[in-house]
Amino acid sequence: MQNAAQPNVVLSGRTVASLEREIKFIVPAARSISLRAWLTSVCRPDRAYPPALVCTTYYDTPGLSLLGEKIDSDYLKTKVRVRWYAALDGNPAGSPVFAEIKDRVGNRRDKRRIKIDADPIALSASPLHGPDWKNLLARLQLEAPMVPARLEPILSLCYARHRYLDPATTGRLTFDEDIAVTALNQTRLAGRVPARLSIGVFEYKGRQDDLPRHLAPVIRFGARRGSCSKYLACYQTATGLLI
């Protein structure tokens, strides 16, 4: 079933209608192994992007306005982050570091990513309020004027990402598991680190508004469709503030 027509919003020079759709499911962490086995049987593992540890730090304004968009379930949402990919054992040696802004309009998205001059090993060892994290967004802010001003690192998390290709639709699938908070900016948040989430996130990315029928059995693994912000979920888990 197709969704009702959406507003013709323009992001970074492209209309919303041309952007990729994202369909997310939240999965109990205890079902991760069986879900990955099933995905391997119905889709192809993405050989270009083998399983990796995704290390992400979210930036926000002093008043946490970007987090507020997720809490309020705003139709328009923005996230700004610094990210790198490591081996599953956590070794980030040689990994490039990226600064990203991602805009969402409903279930459609637009993302701008640039490579920045930073050492992931040094960043991993530096507290979020430390000097290594300052000015990492300077070039992104020049190239993407929509990046909010006065941003600072708030929260870091890591998770294992598994990627798949759907031969029937050319869609792309990801499954993120072992999601854990690894650092908090202690000048902004008080909480528990490390803190592990009890869920994984399954996501289908493609041009369709609904999950293809042959992938519907994902619900047998306890998956339920819904929006899931890792930033918000990790904030709530680490701080205990269930807003």
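Values quoted throughout were computed directly from the atomic coordinates according to the rules given, and no laboratory measurement underlies them. These figures come from a predicted structure and were not determined experimentally. Counting neighbours? That spans all protein chains shown, and the Cβs are built from the backbone with ideal geometry, glycine included.
Helix-only arithmetic for the chain: the sum of -39500 (n - 2.57) across DSSP H runs with n ≥ 4, divided by the residue total, places the mean residue ellipticity at 222 nm at -4500 deg cm²/dmol. Fewest neighbouring Cβ atoms within 10 Å first, the residues 115, 24 line up as 115, 24. For residue 225 and residue 91, the difference between the fully extended length at 0.36 nm per residue and the C-alpha to C-alpha distance is 45.0 nm. Based on Cα contacts under 8 Å between residues 6+ apart, the chain shows a relative contact order of 28 percent. Compute the helix-to-body angle for 230-239: its Cα long axis versus the longest principal axis of the chain, expressed 0 to 90° and rounded to tens. Taking Cα atoms only, the helix is inclined about 60 degrees. Here's how it looks for residue 200: its modeled amide H is under 5 Å from those of 27, 29, which are all 5 or more places away or on a different chain. Listing 84, 38, 133 from fewest to most neighbouring C-beta atoms within 10 Å gives 38, 133, 84. Each principal axis of the chain carries a Cα extent, and these read 49, 41, 37 Å when sorted largest first.
Using only Cα atoms and rounding to the nearest 10 degrees, what angle (0 to 90) does helix 32-42 make with the longest principal axis of the chain? Taking the Cα atoms of the chain, the angle to 32-42 is about 50 degrees.
Taking a spot 7 Å from the Cα of residue 48 along the direction of its beta carbon, which residues of the range 87-101 have an amide N less than 18 Å from it? Within reach of a label on residue 48, which here means backbone N under 18 Å from a point 7 Å along Cα→Cβ, the range 87-101 contributes 96.
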